[in-house]
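K.L.:
Please find one structure pasted underneath; my questions will follow.
The values are calculated or read from the model by the stated rules, or taken from the named source; none is laboratory data. The model shown is predicted, which means the values in this text are computed figures rather than measured ones. Neighbour counts run over all protein chains shown; Cβ positions are idealised from the backbone, glycine included.
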Amino acid sequence: MRRRARAGSERGAALAAALVALAVSAALVAGLADVVRTEIILARERRAMVEALAAADACIAQSLTALPVGWDFEPLLLGPDGARSTPDDGTLATPTGCSGHAARAPGTPDPPRVLLAIDALAGEGRRLLEAIIGRDPAPASPALLWTTLPPFPDAVTGMMVLEGADVDPEAPDLPGLAAPTTPTELDAWVAAEGSHVAPSPRTPAPVQAPLPPLSELATRAEAARPAGAEVLVSQGTPPSPPALALVRGDLVISDARQGSGLLLVEGALDIRGSLDFTGLVVAAGGLRIAEGAALGVVGALWLGEPGAPGAPVAPLAVAGRLALRQSRAAIVTADGLLALPRRAVLRGLRDVG
Amino acid sequence: MRSGAQRGTALLEQLVGTMLALLVLGTLVAVVGTGSGLLVAVAARGETEDTVQLAVEALTFDVRRAGYDPAAAGVPAVSEARTDRLTLAADLNGDGTVAASSEETTAYVCALPAQQLSRIIGRQSLPLAGGVLACGFRYLDATGTPLAVPPAGLDVPDRSRIRAVGLDLTLRLRGTPTTRRVVVALRTSP
C-alpha cells in the first residue's frame with residue numbers, strides 16, 4: 001500500500017512538473033509567435049505601402065512621358081473637346097492600375113504648370129498623390145533625329161552618322177533617334193539598317209517620345225516675322241548670323257549652302273547638293289537626301305507630322321549622307337530665335353493619403 | 001530482510017529519481033531561459049527594426065514632398081543641409097509661402113550625445129529614434145556624386161545642386177545594432 005501511495009505521489013509530481021513546463025513553454029512559444037506574427041503583419045503592410053508608392057511614382061512617370069511637348073498645358077486642361085468648363089476638362093491618360101486628373105495650379109499662370117491628382121492601386125496598397133507638372137526650363141530635343149513616324153525599312157541606303165556627344169562637357173549625351181513608338185521597334189530599325197546607320201559610342205539608344213508639335217511651331221514661326229531660304233548662304237562665304245527661316249512648301253537645295261539658327265520647312269526638305277546647318281532643322285514634310293548629296297546638322301533635326309499639310313509618305317529617305325551632331329548651344333540659340341516646345345517635367349509632389 | 005532490501009532499493013530509487021528530476025529540471029530551466037532570451041531578443045530586434053523603419057519612412061515622406069511649390073513661388077526644397085541636420089521646406093497649402101511654425105518646415109536632427117534622431121516640425125521636436133549610435137546625412141548631386149559638406153553646412157548654390165538626400169543610421173535599443181543606409185531622391189526638377 002505504501003509503495004502504491006508513493007508511486008502515486010511521484011506520478012502526480014511528474015505530471016505537475018510536466019504541466020508547468022508545458023505551460024511555460026507554451027507561453028514562450030505563444031509570445032514568440034505573437035512577436036513574429038506582429039512583425040510579419042507590419043512587414044506586409046510596409047511592403048504594400050512601398051508597392052503602392054512605387055506604383056504611384058510609376059504612374060506619374062508614365063503620364064509625364066505621354067504628355068505632349070509644348071509651351072503650356074492648355075490642351076490638357078481643356079480636355080479632348082478643347083472647350084473650357086466641360087466634363088472632359090483635365091482628362092489624363094494614365095496607365096493601367098492608376099487614375100488621374102489635371103487641374104489648374106494655384107497662383108499666377110506663369111510659369112505654366114498643372115496640378116495632377118493621382119490615385120494608384122498596387123496589390124493591397126493604395127496611394128493618393130498630388131503632383132505639380134511644369135515645363136522644362138531648358139530647351140532640348142529628345143534626340144538628334146526626332147520623327148513623328150518611325151523610319152521605314154531601308155530608309156537609309158546611303159549613310160547616316162550620329163554623334164550624341166556635345167563639345168560642351170556638361171551636356172549629357174543625346175540619343176540618336178526619338179519617335180512615338182517603342183524603343184524595341186526603333187532598336188530593330190537601327191539594327192536592320194546595318195552599316196548604313198552609324199551611331200558613335202557616345203550616342204545612347206533610341207528613345208520613345210511623343211509627337212513634335214510642328215503645326216503649332218510653324219504657326220508661332222509665322223507670327224515671329226521669319227526670314228526665308230535666303231538666309232542659307234553659299235558655302236565658303238562668310239557665315240550669316242543665326243536667323244529664323246520659314247520656308248512655305250518644299251525646299252530644294254541643289255548647290256552647297258550653309259546657315260544657322262532655326263530652319264523650318266513646311267514641306268519636304270530635298271537635298272540634292274549639300275547643306276551644313278548649325279541649329280535646329282525642321283522639315284514637316286520629311287527629308288530626302290539624294291545620292292551624292294549631304295546634309296550636316298550640328299544641333300537637331302525634327303521630321304514630319306502625320307495629317308499635316310505636305311505630310312510625308314516616308315519621313316526619311318537618305319540615299320546620300322546625313323550627319324547629325326549634338327550641340328546644346330546651337331539649340332539654345334535656336335530657342336532664342338523662336339521659343340521651342342518643352343517637355344513636361346515633375347516640379348514636385350506630395351503624398352495625400 | 002526483505003523489508004530492509006526494499007527500503008534500500010527505495011532510497012536508491014529516490015536518489016536516482018532526484019538526480020534525474022534535477023537533470024530534467026535543469027534542462028527545462030535552460031530551455032526556458034534560452035526561450036525567454038530568444039523571445040526578448042526577437043522582440044528587441046523587431047522593435048529596433050520598427051524604429052529604424054519608421055525613421056526611414058518619415059524621412060522618405062518629407063524628402064519626397066520637399067520643394068512642393070504649386071504657386072511657383074520659388075520654394076527651395078532644402079533650406080539647411082549639414083551632416084547632422086537637415087531642414088526641408090514645402091508649400092503644402094499653396095499660398096506661396098512656407099510657414100516656419102507648421103508642417104511646411106520640417107527638420108531632422110542627429111543628436112549623438114543624446115543618442116537620438118529627432119524630427120522637428122515648427123517648434124515641436126518629435127523623437128524618432130533613441131539609442132542612436134551613428135547618424136548622418138549625405139547630399140548627392142544630379143550625377144549621384146556626394147557633395148562635400150563643410151561644418152557650417154552647404155551654402156545656397158550647393159543646396160540647389162542637391163538631387164537626393166541620404167541617411168546613414170545605426171541604432172541599438174537592446175541587443176544587436178541595426179544599420180540602414182537610404183537615399184531618397186527629391187521630386188523637384190532643377
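Table: residues versus (1) polar (S, T, N, Q); (2) out of contact with any Asp or Glu (no Cβ under 6 Å at 6 or more places or on another chain).
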residue	(1), (2)
B:Thr83	yes, yes
B:Leu86	no, yes
B:Asn93	yes, yes
B:Gln116	yes, yes
B:Ala134	no, yes
B:Arg138	no, yes
B:Val149	no, yes
B:Pro157	no, yes
B:Arg161	no, no
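K.L.:
Considering the stretch A:208-263 alone, what residues qualify as being acidic (Asp, Glu) and assigned to a loop (DSSP other than H, G, I, E, B)?
P.N.:
Passing the criteria: A:Asp250, A:Asp255.
K.L.:
Of these, A:Asp187, A:Asp154, which one is charged (D, E, K, R) and either in contact with a Cys (Cβ under 8 Å, 6 or more places away or on another chain) or assigned to a loop (DSSP other than H, G, I, E, B) (or both)? Walk me through how you get there before you give the answer.
P.N.:
Working: A:Asp187 fails: either in contact with a Cys (Cβ under 8 Å, 6 or more places away or on another chain) or assigned to a loop (DSSP other than H, G, I, E, B) (or both).
None of the others qualify; the one that does is A:Asp154.
K.L.:
Keeping to the stretch A:105-145, report how many residues are over 17 Å from the mean Cα position of the chain (by Cα), in a loop (DSSP other than H, G, I, E, B) and at the interface with chain B (Cβ under 9 Å from one of its Cβ atoms).
P.N.:
The total comes to 6.
K.L.:
If you don't mind, there's one more thing I want to ask. Identify all residues within the stretch A:45-93 that are within 14 Å of chain B (Cβ to nearest Cβ) and over 24 Å from A:Asp351 (Cβ atoms); write none if there are none.
P.N.:
Listed by number, the list holds a single entry, A:Asp72.
K.L.:
For A:Arg126, indicate whether it is charged (D, E, K, R), in contact (Cβ under 8 Å) with a residue 12 or more places away in the chain and touching a helix residue (DSSP H, G or I) at 6+ places or on another chain (Cβ under 8 Å).
P.N.:
Against the criterion (charged (D, E, K, R), in contact (Cβ under 8 Å) with a residue 12 or more places away in the chain and touching a helix residue (DSSP H, G or I) at 6+ places or on another chain (Cβ under 8 Å)), A:Arg126 qualifies.
K.L.:
Quick check, is B:Leu38 at negative phi and either within 12 Å of chain A (Cβ to nearest Cβ) or in contact (Cβ under 8 Å) with a residue 40 or more places away in the chain (or both)?
P.N.:
In short, yes.
K.L.:
Which of the residues that make up the stretch A:115-160 are assigned by TED's automatic domain parsing to the domain that holds A:Ala43 and at positive phi?
P.N.:
Residue satisfying the conditions is A:Gly123 alone.
K.L.:
Within the stretch A:57-72, does at least one residue satisfy the condition of being surrounded by 18 or more Cβ atoms within 10 Å (Cβ to Cβ), under 18 Å from the mean Cα position of the chain (by Cα), modelled with pLDDT of 85 or more and assigned to a strand (DSSP E or B)?
P.N.:
Start the filter on the stretch A:57-72 by keeping residues that are surrounded by 18 or more Cβ atoms within 10 Å (Cβ to Cβ), which leaves A:57, A:59-60, A:63, A:67, A:69-70.
Cutting the leftovers down to under 18 Å from the mean Cα position of the chain (by Cα) gives us A:57, A:59-60, A:63, A:67, A:69-70.
In the following step, the residues that additionally are modelled with pLDDT of 85 or more were identified as A:57, A:59-60, A:63, A:67, A:69-70.
If we keep only those that are assigned to a strand (DSSP E or B) too, we end up with A:70.
Yes, there is a match, as at least one residue in the stretch A:57-72 is surrounded by 18 or more Cβ atoms within 10 Å (Cβ to Cβ), under 18 Å from the mean Cα position of the chain (by Cα), modelled with pLDDT of 85 or more and assigned to a strand (DSSP E or B).
K.L.:
Could I ask something else about it? Kindly check whether there is at least one residue in the stretch A:229-236 that is modelled with pLDDT under 90 and in contact with a helix residue (DSSP H, G or I) (Cβ under 8 Å, 6 or more places away or on another chain).
P.N.:
No.
Here is a yes/no grid of residues against (1) away from chain A (no Cβ under 14 Å); (2) in a loop (DSSP other than H, G, I, E, B):
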site: B:Gln53; (1), (2): no, no
site: B:Ala58; (1), (2): no, no
site: B:Ala100; (1), (2): yes, yes
site: B:Arg119; (1), (2): yes, no
site: B:Leu126; (1), (2): yes, no
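K.L.:
Test B:Val75 against the criterion of being hydrophobic (A, V, I, L, M, F, W, C), under 30 Å from B:Asp50 (Cα atoms) and either outside any loop (DSSP other than H, G, I, E, B) or within 14 Å of chain A (Cβ to nearest Cβ) (or both), and give yes or no.
P.N.:
No; evaluated as a whole, the condition is false for this residue.
K.L.:
Suppose we filter the stretch B:78-112 for residues that are farther than 19 Å from B:Thr51 by Cα and free of Cβ contacts under 8 Å to residues at least 40 places away in the same chain; how many remain?
P.N.:
Qualifying residue count, the stretch B:78-112: 19.
K.L.:
Could you say which residue among A:Leu42, A:Leu32 is assigned to a helix (DSSP H, G or I) and either more than 10 Å from chain B (Cβ to nearest Cβ) or at pLDDT 85 or above (or both)? Spell out how you get there, then give the answer.
P.N.:
Values: A:Leu32 fails: either more than 10 Å from chain B (Cβ to nearest Cβ) or at pLDDT 85 or above (or both).
Selected residue: A:Leu42, the only one of A:Leu42, A:Leu32 that is assigned to a helix (DSSP H, G or I) and either more than 10 Å from chain B (Cβ to nearest Cβ) or at pLDDT 85 or above (or both).
K.L.:
Go through (1) surrounded by 17 or more Cβ atoms within 10 Å (Cβ to Cβ); (2) not in a loop (DSSP other than H, G, I, E, B) for A:Thr94 and report which single condition fails.
P.N.:
Every listed condition holds for A:Thr94 apart from (2).
K.L.:
From the list B:Thr106, B:Thr83, B:Thr34, exactly one residue is of a type in the set (Ser, Thr, Tyr) and surrounded by 19 or more Cβ atoms within 10 Å (Cβ to Cβ). Which is it?
P.N.:
Exactly one of B:Thr106, B:Thr83, B:Thr34 is of a type in the set (Ser, Thr, Tyr) and surrounded by 19 or more Cβ atoms within 10 Å (Cβ to Cβ), namely B:Thr106.
K.L.:
Can we say B:Leu92 is more than 30 Å from A:Asp136 (Cα to Cα), of a type outside the set (Gly, Ala, Ser), facing chain A (nearest Cβ under 8 Å) and outside any strand (DSSP E or B)? Break it down stepwise before answering.
P.N.:
Numbers: more than 30 Å from A:Asp136 (Cα to Cα): no; of a type outside the set (Gly, Ala, Ser): yes; facing chain A (nearest Cβ under 8 Å): yes; outside any strand (DSSP E or B): yes.
Criteria not met by B:Leu92.
K.L.:
Is it true that some residue in the stretch A:231-240 is crowded, with 17+ Cβ neighbours inside 10 Å, in the same structural domain as A:Ser195 (by TED's automatic domain parsing) and farther than 18 Å from A:Glu163 by Cβ?
P.N.:
Here is the first cut: in the stretch A:231-240, the ones crowded, with 17+ Cβ neighbours inside 10 Å are A:231-232.
If we keep only those that are in the same structural domain as A:Ser195 (by TED's automatic domain parsing) too, we end up with A:231-232.
Those still in the list that are farther than 18 Å from A:Glu163 by Cβ too: A:231-232.
The answer is yes; a qualifying residue exists.
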